[in-house]
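For reference, the structure is listed below as C-alpha cells.
The values are calculated or read from the model by the stated rules, or taken from the named source; none is laboratory data. Note that the structure is predicted; figures quoted are calculated from it, not measured. Glycine also receives a Cβ, built like all others from the backbone with ideal geometry; neighbour counts cover every protein chain displayed. All accessible areas refer to the heavy atoms of the entire protein, side chains included, with ligands and DNA or RNA removed. Shrake-Rupley method; radii C 1.70, N 1.55, O 1.52, S 1.80 Å.
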Amino acid sequence: MKLYENTQAPNARRVRMFLAEKGIELESIQVDIIKGENLQADFLSKNPRGLLPVLELEDGTCIDETMAICRYFEDIQPENPLFGHDAKSKALIESKNRQIEFDGLLPLADILRNSAPNFANRAIAGRENVQAISELIPRGKSSFLEFLNRLEQLLTQNEYIAGEYFSVADITAFCVIDFASWVKIEIPATHCNTITWYNKVVTRASALA
Ligand SMILES: N[C@@H](CCC(=O)N[C@@H](CS)C(=O)NCC(=O)O)C(=O)O
C-alpha cells in the first residue's frame, strides 16, 4: 500500500496522525501541491479530483477522502477504535468530526486560498484557473472565530471532542487548530478549555506525525 500525500497538507496530516495512533506504517509518496504535481496526469490518474491524500491498495484501487482512508484502516485494524465503540459514541464522533470539517476546516481553507499568492489562480483545492475572491477572507475569519467559540463551549463539558475518549474527531480538530496558525490565528487566550485540550493532545506521539 502507498499513501500519496504531502507533509504540509492538513488533510494528509490527519491520515498520518490516525496511522500513528494505530501503529501502522505505510510507504509515503510526496506530491508537491505548490508545484502543482497534484494537477498533473500522473496524479490525476490516481485521483481525477486532484486532491490529497490518496491511498493506493496492492490491487491498484485508489481511495481518496481523508475519512474514507481512516475508516479503511479502522476496519482492517479495529484495536484502539478511533471511530467509536458503540452506536452512541460512533454517532457522536461522526457528528463532531463533520462539524469540525465544515465549520472549522472549510472557513480556514477559504481564508488561505483567497489570500495566499501561491493560490491566486487556484482558489479551490484541486483546481486550476479559479481566481481568489478577497471578500471571502473576512467571512472565513468570522466563521472560524465562531467555530473556536463553539469548540470552547463543547470542551467545557467534554474532556475530548466527542466525550471521554480520544477519537478521530480530536485528530481533525487538532490538525485544524495547527492549520489555523498558517493564517496567523491562534486559540484565544480566554479559551482555557481548548488550550487544556490542545496541550493534552500535543503530547501524544501521533502529534509529531
Ligand atoms: N475532502 C478532502 C479534501 C482534500 C484536500 O482538500 N486536500 C488538499 C490538501 S490538504 C489538496 O489536495 N489540495 C490540492 C490543491 O491545493 O490543489 C479530504 O478530506 O481528503
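Over the chain, with every protein chain in place, what whole percent of the accessible area is carbon and sulfur at 1.4 Å, could you tell me?
Values: 5680 of 10790 Å².
Summing carbon and sulfur atoms, their accessible area is 53 percent of the total for the chain.
Quick one: which residues, 5+ away or cross-chain, put their amide H under 5 Å from the amide H of Ser28? H built at 1.01 Å from N.
Leu3
Just to be sure I understand the curve: with the Debye formula and one point per C-alpha of region 87-208, what is log10 I(q)/I(0) at q = 0.09, 0.16 Å⁻¹?
These q points yield log10 I(q)/I(0) values of -0.27, -0.78.
Rounded to the nearest 0.05, what FRET efficiency do Asp178 and Leu26 have when you use their Cβ-Cβ distance and R0 = 25 Å? Could you put the intermediate results ahead of the total?
Working: r = 21 Å, r/R0 = 0.85.
Plugging the Cβ-Cβ distance into 1/(1 + (r/R0)^6) gives 0.75.
Whole-Hz ³J(HN,Hα) for each residue in region 197-207, computed from phi via Karplus 6.51 cos²θ - 1.76 cosθ + 1.60 with θ = phi - 60°, x for glycine and proline: what do you get?
4, 4, 5, 6, 5, 5, 7, 5, 4, 5, 5
Over its Cα atoms, what ratio of radius of gyration to 2.2 N^0.38 Å does region 1-86 give? Before the final figure, lay out each step's value.
Values: Rg = 12.9 Å, N = 86, 2.2 N^0.38 = 12.0 Å.
Normalised Cα radius of gyration, region 1-86: 1.08.
In Å², what does the accessible area per residue of the chain work out to with a 1.4 Å probe?
On the way: 10790 Å² over 209 residues.
Spelled out: the 1.4 Å probe surface of the chain, per residue, equals 52 Å².
Based on Cβ point charges of +1 for Lys and Arg and -1 for Asp and Glu, what charge dipole magnitude is obtained for the chain about its Cα centre, in debye rounded to the nearest 20?
Dipole of the chain, to the nearest 20 debye: 580 debye.
Could you work out the helix-only [θ] at 222 nm for the chain, with each DSSP H run of four or more residues adding -39,500 (n - 2.57) and the total divided by the number of residues, to the nearest 500 deg cm²/dmol?
Details: 8 runs with 95 residues, N = 209.
For the chain, the value works out to -14000 deg cm²/dmol.
Hey, what does the equivalent ellipsoid look like for the chain, semi-axes from the Cα gyration tensor as sqrt of 5 times each eigenvalue, largest first, whole Å? Walk me through the numbers before you get to the answer.
Details: eigenvalues 140, 119, 35 Å².
Value: 26, 24, 13 Å, ordered largest first.
Order these peptides, 158-169, 139-150, by their mean beta-carbon neighbour count within 10 angstrom, highest first. All intermediate terms of the calculation are to be shown ahead of the outcome.
Details: 158-169: 20.3, 139-150: 16.3.
Listed from highest to lowest mean packing, they are 158-169, 139-150.
Taking a 27 Å limit on the Cα-Cα distance, which of the listed pairs Lys22/Lys46; Lys46/Lys88; Lys22/Lys200; Lys35/Lys96; Lys22/Lys90 fall beyond it?
The pairs that break the limit, which is 27 Å between Cα atoms, are Lys46/Lys88; Lys35/Lys96.
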